[in-house]
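Data block below; observations after.
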Amino acid sequence: MPAGTIQIDPEQGFGPHLSNAFLDLYGEDSVFVTATVDLLTWQFVAVLIKVEKLPADFVAVQYGTPEMRHALDAFLKTLSGRGLEKPSTSLMRSAVGHEQPQAFQAAAGALLGYDLVARWLQLLEQQDYVGMTALLAVQ
């Protein structure tokens, strides 16, 4: 396996691979952490289904609500639209310890404004999906 890669078990997803620094920064019970695990796992499984490494009916493990995953996905799409290349990869690298845990948040803040990103994270933790959507709509 090439250096800097991790072996992901589709049955377990990204949860076991989160760095302690990432968990310490956001908190193990953070909605952001849960959404990160769910979204990265969901995307990974989708790729494996597409290349026929998993059956089409394979269901990815999910720890939070679909709304958590969808909210983070919308945030990543906003970042991509603003010029961040491969925001999912940036998030994954921060989450698993290949970069500093705050690297993803810093990249997002540089594009969208640090106050907006902090507010978005706050709304995510409160599971205020309407507020988060409205906040990103002005971007």
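Every read-out reported here was derived from the displayed coordinates using simple, explicitly stated rules and does not represent laboratory data. Computed from a predicted structure; not experimentally measured. We place every Cβ from the backbone using ideal geometry, glycine too, and count neighbours over all the protein chains shown.
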Under 9 Å by Cβ, and 6 or more places apart or on different chains, what pairs join a residue from the stretch 48-72 that is over 16 Å from Ala35 (Cα atoms) with one that is among the aromatic types (Phe, Trp, Tyr)?
Leu48/Phe58; Ile49/Phe58
Restricting to the stretch 62-83, name every residue that is touching a Pro at 6+ places or on another chain (Cβ under 9 Å) and closer than 17 Å to Leu121 by Cβ.
Phe75, Leu76, Lys77, Thr78, Leu79
Taking the stretch 82-132 and keeping only residues that are touching a residue at least 60 places away in the same chain (Cβ under 8 Å) and either among the hydrophobic types (A, V, I, L, M, F, W, C) or in a helix (DSSP H, G or I) (or both), one is left with Met92, Ser94, Ala95, Val96, Leu121, Leu124, Glu125, Tyr129, Met132
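Here is a yes/no grid of residues against (1) of a type outside the set (D, E, K, R); (2) more than 15 Å from Ala35 (Cβ to Cβ); (3) surrounded by fewer than 17 Cβ atoms within 10 Å (Cβ to Cβ); (4) in contact with a His (Cβ under 9 Å, 6 or more places away or on another chain):
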| site | (1), (2), (3), (4) |
| --- | --- |
| Arg82 | no, yes, yes, no |
| Glu99 | no, yes, no, no |
| Asp115 | no, yes, yes, no |
| Ala118 | yes, yes, yes, no |
| Tyr129 | yes, no, yes, yes |
| Leu135 | yes, yes, no, no |
